[in-house]
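Reading through the structure tokens given below for one structure.
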Amino acid sequence: MCNYSTGVLVTGMAVAVFLTVQVGDYVIVSEACDLHSDGWWLGQVLFVQGGARKSEHQTLFQVANIDTGVIHWINADLVINKFSA
């Protein structure tokens with residue numbers, strides 16, 4: 001799994017970006033777990049799949065690539081940043 005240190009503040013605590021993603025948000029998706037990689041793309045979240053143990057924790061996203069229109073299933077930890085719709 002990727003381990004990104006980026007996060008947002010929620011009630012004074014830093015939280016991983018992917019935990020706050022909702023359907024309709026725009027997200028920056030890394031093509032690899034390497035933070036120094038230049039590979040990324042912009043997509044819009046179509047569906048959010050909760051985890052098996054805790055359904056409130058997102059683990060998979062169905063995301064449409066804005067440039068190509070291709071729909072991808074991605075692991076939540078590949079989300080680098082998000083922009084609310």
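Do the conditions hold for VAL27, that is, is it modelled with pLDDT of 90 or more, surrounded by 12 or more Cβ atoms within 10 Å (Cβ to Cβ) and outside any strand (DSSP E or B)?
Spelling it out, it is not the case that VAL27 is modelled with pLDDT of 90 or more, surrounded by 12 or more Cβ atoms within 10 Å (Cβ to Cβ) and outside any strand (DSSP E or B).
Consider ASP67 carefully, then state whether it is at pLDDT 85 or above and in a helix (DSSP H, G or I).
Answer is no for this residue.
The values are calculated or read from the model by the stated rules, or taken from the named source; none is laboratory data. Just so it is clear, the model here is predicted, and its values are computed rather than measured. Glycine gets a Cβ as well: all are built from the backbone with ideal geometry, and neighbour counts include every protein chain shown.
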